[in-house]
Amino acid sequence: MQADLLVHNAGQLITIASDGPQSGREMGRLGICHDGAVAVRDGYIVKVGASSELRSEVKAQRVIDALGRVVMPGFIDPHTHLVFVGSRVNEFEMRLSGATYLDIMAAGGGIMSTVRAVRGASDEELLAQSRARADDMLAQGTTMAEVKTGYGLTTADEMKCLRVIQHLDRTHPMDLIPTFLGAHAVPEEYRGRADDYTELVIQEMLPAVAAQRGLACFCDVFCDDGAFTLNQARKILVAAEALGLGLKIHADEFAALGAAKMAAEIGAVSADHLIRTPREEMGSLADSGTVAVLLPGTPFGLGEREFARAQDWLEAGVAVALATDLNPGTCYCGSMPFIIALGCRYLGLMPAQAVVAATLNAAYAIGQESRVGSLEPGKVADLIVLNTDDYRDLAYRFGGNLVATVIKAGKVVVKG
Ligand code: NIG
Ligand code: FE
């Protein structure tokens, strides 16, 4: 068999080959192949198996010796706010002195201060600052990320953010999956008129977004105290679905408004945050196949002590994914390995479960499971080599970078 690339001699080849998302007690099946190898042709995986077998069967133009280390799928980050400019380090200091995130938001800071910065930035500035963060994510092993708008909050500025996401996707090795989050906050010019802003999102923004094929795959809403109500969120998401967009929601981060349950009722692909979801509402996500995207970097970033309870979600039969939530307000972190380390300490995940949550289940959370998330023939050859022979080190060790090599669609894009 001819191939462009053969990666062999992987001490642990983590394939995560599965028929569906992993949930319940079954979560954490890594499909480890000891002394494994992967062959790649035209950017796709063509064969996975034992090194000895592939070395004799595959004639490859380029060969990479993994030297007994871990080889696994690239991380998929299914929830980021990557595209923004500026910093909110002053708000970080305010929180350290006792102000809460919702206090700062109610006083006109928070999301709105980044909105002002983004509205004032050129496409080039927005692109340059976002690209630097994308480089950092790729270096830490993320080969695909979902990216939300939500710092424009006018039709023109939301479209500007979507254009920047599209341009970055086309010019950066990391794949970006775009989400329209026009309902991220009620902008100051609509203060006290949230229903009017909701109508603007539905009547003007959504049709503009949906008119250009591929500009957004999903629509998301921040449904919480101080943001959008359950009814406003439902109206926006129902309108988005009618225009062909997939659905996502920021649910139960600060207040349990019933948003996760509502998301399940309307068939959302994921519900995200989920810190305060009551136990009796969890089963509805299992019924609808909605993935629970948990974001432990956010309460950590806010210095809070309450985290989502991953084992409750798993017991309810829901597939759990992990994401960074990378954003300037609550979690300025693009590192999936650090999120895995937090997930094991504060959400109650085991390392094998956290690895599935950051790869296969994350692919399901953004509807990309047919292309990525596991190492199987037919999938895109997005893989990473770690500087360790034990995948559990991803959770156990933290604060450095264990990612040695990143291969995107069969091409080496990071060589540590
Ligand atoms: O997911 N919760 C809402 N949105 C972001 C925070 C955005 C910001 O503060 O800029 C989040 O945590
Ligand atoms: Fe978020």
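Residues to consider are Leu302, Leu294; find the one that is surrounded by fewer than 21 Cβ atoms within 10 Å (Cβ to Cβ) and within 15 Å of ligand 1 (Cβ to nearest atom). Even if it seems obvious, please write down each step before you answer.
Numbers: Leu294 fails: surrounded by fewer than 21 Cβ atoms within 10 Å (Cβ to Cβ).
Testing whether each residue is surrounded by fewer than 21 Cβ atoms within 10 Å (Cβ to Cβ) and within 15 Å of ligand 1 (Cβ to nearest atom) leaves just Leu302.
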For Leu314: the one exception among (1) over 14 Å from the mean Cα position of the chain (by Cα); (2) more than 24 Å from Glu26 (Cβ to Cβ); (3) part of a helix (DSSP H, G or I): (2)
Kindly indicate the residue of the stretch 213-260 that is surrounded by fewer than 21 Cβ atoms within 10 Å (Cβ to Cβ) and of a type in the set (Lys, Arg) and also farthest from Asp195 (Cα to Cα) among those meeting that condition. Arg213
Hits in the stretch 347-390 (condition: in a loop (DSSP other than H, G, I, E, B), over 17 Å from the mean Cα position of the chain (by Cα) and surrounded by fewer than 24 Cβ atoms within 10 Å (Cβ to Cβ)): Gly348, Met350, Glu376, Pro377, Gly378, Lys379, Asn387, Thr388, Asp389, Asp390
Does Ala308 satisfy the criteria of being in a loop (DSSP other than H, G, I, E, B), surrounded by 21 or more Cβ atoms within 10 Å (Cβ to Cβ) and within 16 Å of ligand 2 (Cβ to nearest atom)? yes
Any chance the stretch 73-81 includes a residue that's in contact with a Cys (Cβ under 9 Å, 6 or more places away or on another chain) and part of a strand (DSSP E or B)? no
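Out of Glu199, Glu158, Glu188, Glu146, which single residue is in contact (Cβ under 8 Å) with a residue 12 or more places away in the chain and surrounded by fewer than 23 Cβ atoms within 10 Å (Cβ to Cβ)?
Working: Glu199 fails: in contact (Cβ under 8 Å) with a residue 12 or more places away in the chain; Glu158 fails: surrounded by fewer than 23 Cβ atoms within 10 Å (Cβ to Cβ); Glu146 fails: surrounded by fewer than 23 Cβ atoms within 10 Å (Cβ to Cβ).
Unique residue meeting the criteria: Glu188.
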Here's a check for you: in the stretch 216-245, which residue that is out of contact with any Ser or Thr (no Cβ under 9 Å at 6 or more places or on another chain) and in contact (Cβ under 8 Å) with a residue 60 or more places away in the chain is farthest from Gly182 (Cα to Cα)? Asp225
Filter the stretch 300-327 down to residues that are touching a helix residue (DSSP H, G or I) at 6+ places or on another chain (Cβ under 7 Å) and of a type in the set (S, T, N, Q), then give me how many there are. 1
Is it fair to say Thr100 is surrounded by fewer than 20 Cβ atoms within 10 Å (Cβ to Cβ), more than 16 Å from ligand 2 (Cβ to nearest atom) and of a type in the set (Val, Ile, Thr)? yes
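Of all residues being of a type in the set (Asp, Glu) and in a loop (DSSP other than H, G, I, E, B) in the stretch 17-65, which is surrounded by the most Cβ atoms within 10 Å (Cβ to Cβ)? Just the residue, please. Reasoning before the result, please.
Taking the stretch 17-65 first, the residues of a type in the set (Asp, Glu) are 19, 26, 35, 42, 53, 57, 65.
Right, trim to in a loop (DSSP other than H, G, I, E, B) and you get 19, 42.
Numbers: Asp19: 5, Asp42: 10.
Result: Asp42.
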With respect to Asp169, determine if the residue is surrounded by fewer than 21 Cβ atoms within 10 Å (Cβ to Cβ) and either within 25 Å of Val221 (Cβ to Cβ) or within 14 Å of ligand 1 (Cβ to nearest atom) (or both). yes
On the basis of being more than 16 Å from ligand 1 (Cβ to nearest atom), touching a residue at least 12 places away in the same chain (Cβ under 8 Å), touching a Gly at 6+ places or on another chain (Cβ under 8 Å) and not aromatic (Phe, Trp, Tyr), does Ser288 make the cut? yes
Quick check: is even one residue across the stretch 110-120 more than 14 Å from Asn327 (Cβ to Cβ), away from ligand 2 (no atom under 16 Å from the Cβ) and surrounded by 22 or more Cβ atoms within 10 Å (Cβ to Cβ)? no
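Of everything in the stretch 328-342 that's outside any loop (DSSP other than H, G, I, E, B) and either within 16 Å of ligand 2 (Cβ to nearest atom) or β-branched (Val, Ile, Thr) (or both), which residue is nearest to Ser130 (Cα to Cα)?
Cys331
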Of these, Ala251, Ala268, Ala263, Ala259, which one is touching a Leu at 6+ places or on another chain (Cβ under 8 Å), more than 21 Å from Tyr151 (Cα to Cα) and within 14 Å of ligand 1 (Cβ to nearest atom)? Ala259
Taking Val201 as meeting all but one of (1) part of a helix (DSSP H, G or I); (2) more than 25 Å from Ile266 (Cβ to Cβ), write down the number of the exception. (2)
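Since every read-out is calculated from the coordinates, none of them should be taken as a lab result. For clarity, every value in this text was computed on a predicted model and none was experimentally measured. Ideal geometry is used to build each Cβ from the backbone, glycine not excepted, and the neighbour counts take in all protein chains shown.
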